[in-house]
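> Quick one: the structure is below, and I'll ask about it shortly.
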Amino acid sequence: MPSELLYKYPKTLLNKGTGFLSGYTHSLNPYTGCAYGCSFCYVRQMPVSTFRDGEWGTWVDVKKGAADLLQKELKRAKSKGEVTIFMSSSTDLYQPVEHEERITRSLLEVMVEHPPDFLFVQTRSPMARRDIDLFLQMEDRIRVSMTIETDREDIRKHFTPDAPAIRGRLKTLQLLRKAGVPTQATIAPLLPSSREFPDLLKAYVDRICIDDYFMGDGSGGRRTENLGIRGKYEELGLEKWYEPITYQKLIKRFRRVFSEEQIHVSREGFMP
């Protein structure tokens, strides 16, 4: 849990989809801040983080009254045309605080009653399995994307020590698939992995998305470079994994077990 938990009443929840997410009409974040505090998170370089006193990962703002606010905003947005939502772009909607606060679940309940045309759920948390009942009610208007950056726990612990273990994420993908929820595994940002990684994921999903720092951090890799992530690769002697061409090498590995239609790259893999 974060060391600082604040409760705030936002004036708005739905934000216009821009930049990387311009394919969506809106983005939606149940929380501000993220307890996972991943070392490579591009949000560390954004105003929402740089203007705070605490280190990214040590504080989380809980958006109280979120469900009532979303119901009003969603009705208004739907009256104007198509509504597609990316949840979440700058936090993990299933971070530990969600166990007690249940903000994410309350927002999903609103969207079940007032469905958007499409909802993309992006998380790295096994807790997503809790809401399978709500996902199913949205039928083919939803996709749940589980981030699995690597199949190596030693690598995961080096880069994201406070994030959930890989095994739990895979189990959740298995449960989602068995239930019939549209899913994908998202290798973003791609971290050093084994040659067996594609075979592992093939058992759980039929759709993957590969993204890296250079395509996915919104600045051509500059934000990531400023975070000193290159040094983490150097510590492990894996500098070759920190190159713009690395994703192409990874795609070649995945082509052994996935078809071209099942492999998506960067922004295209996140679109509705």
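> Which one of the conditions (1) crowded, with 16+ Cβ neighbours inside 10 Å; (2) in contact with a Pro (Cβ under 7 Å, 6 or more places away or on another chain); (3) of a type in the set (A, V, I, L, M) does Leu238 fail to meet, given that it meets all the rest?
Exception for Leu238: condition (1).
> Show the residue pairs meeting these rules: Cβ distance below 6 Å; 6+ apart or different chains; first residue within the range 152-168 and more than 14 Å from Ser193 (Cβ to Cβ) and at pLDDT 95 or above; second residue outside any helix (DSSP H, G or I) and of a type in the set (D, E, K, R).
Between residues of the range 152-168 that are more than 14 Å from Ser193 (Cβ to Cβ) and at pLDDT 95 or above and residues that are outside any helix (DSSP H, G or I) and of a type in the set (D, E, K, R), the close pairs are Ala163/Arg124.
> Scan Tyr242, Tyr213 and give me the residue that is without any contact (Cβ under 8 Å) to a residue 40 or more places away in the chain and among the aromatic types (Phe, Trp, Tyr).
On inspection, the qualifying residue turns out to be Tyr242.
> Consider Ser219 carefully, then state whether it is on the phi > 0 side of the Ramachandran plot and either buried (at least 19 other Cβ atoms within 10 Å of the Cβ) or touching a residue at least 24 places away in the same chain (Cβ under 8 Å) (or both).
no
> As an exercise: evaluate Tyr24 against (1) over 19 Å from Gln122 (Cα atoms); (2) among the hydroxyl-bearing types (Ser, Thr, Tyr); (3) buried (at least 22 other Cβ atoms within 10 Å of the Cβ) and give the number of the one condition it does not meet.
(1)
> Report the residue count in the range 113-149 for those that are under 16 Å from Gln95 (Cβ atoms) and among the basic types (Lys, Arg).
Looking only at that region, the number is 3.
> Across the range 35-88, what is the number of residues that are among the charged types (D, E, K, R) and assigned to a loop (DSSP other than H, G, I, E, B)?
5
> Would you say Lys202 is modelled with pLDDT of 95 or more and surrounded by fewer than 16 Cβ atoms within 10 Å (Cβ to Cβ)?
For Lys202, the condition - modelled with pLDDT of 95 or more and surrounded by fewer than 16 Cβ atoms within 10 Å (Cβ to Cβ) - is not met.
> Another question about this same structure. Specify the residue that is farthest from the chain's Cα centre (by Cα); the eligible residues are those in the range 152-191 that are in a loop (DSSP other than H, G, I, E, B), crowded, with 21+ Cβ neighbours inside 10 Å and not β-branched (Val, Ile, Thr).
Leu191
> Please find, among Pro30, Pro10, the residue that is of a type outside the set (A, V, I, L, M), surrounded by fewer than 20 Cβ atoms within 10 Å (Cβ to Cβ) and either more than 24 Å from Gly221 (Cβ to Cβ) or without any contact (Cβ under 8 Å) to a residue 40 or more places away in the chain (or both).
Within the list Pro30, Pro10, the selection yields Pro10.
> Now, a different point. Considering only the range 220-272, state which residues are closer than 29 Å to Val205 by Cα, assigned to a loop (DSSP other than H, G, I, E, B) and of a type outside the set (A, V, I, L, M).
Result: Gly220, Gly221, Tyr242, Glu243, Pro244, Arg255, Arg256, Phe258, Ser259, Pro272.
> Now, a different point. Select, from Tyr213, Tyr247, the only residue that is hydroxyl-bearing (Ser, Thr, Tyr) and either surrounded by fewer than 17 Cβ atoms within 10 Å (Cβ to Cβ) or touching a helix residue (DSSP H, G or I) at 6+ places or on another chain (Cβ under 6 Å) (or both).
Result: Tyr213 is the single residue among Tyr213, Tyr247 that is hydroxyl-bearing (Ser, Thr, Tyr) and either surrounded by fewer than 17 Cβ atoms within 10 Å (Cβ to Cβ) or touching a helix residue (DSSP H, G or I) at 6+ places or on another chain (Cβ under 6 Å) (or both).
> Checking Ala67 against (1) without any contact (Cβ under 8 Å) to a residue 60 or more places away in the chain; (2) under 15 Å from the mean Cα position of the chain (by Cα): exactly one of these is not met. Which one?
Unmet condition: (2).
> Continuing with the same structure: With surrounded by fewer than 20 Cβ atoms within 10 Å (Cβ to Cβ), within 26 Å of Leu190 (Cβ to Cβ), in contact (Cβ under 8 Å) with a residue 12 or more places away in the chain and touching a strand residue (DSSP E or B) at 6+ places or on another chain (Cβ under 9 Å) as the only criterion, which of Val62, Val48 stands out?
Val48
The values are calculated or read from the model by the stated rules, or taken from the named source; none is laboratory data. It should be emphasised that the depicted structure is a prediction, and the values quoted were computed from it without experimental measurement. Here Cβ is always computed from backbone atoms with ideal geometry, including for glycine, and neighbour counts include all displayed protein chains.
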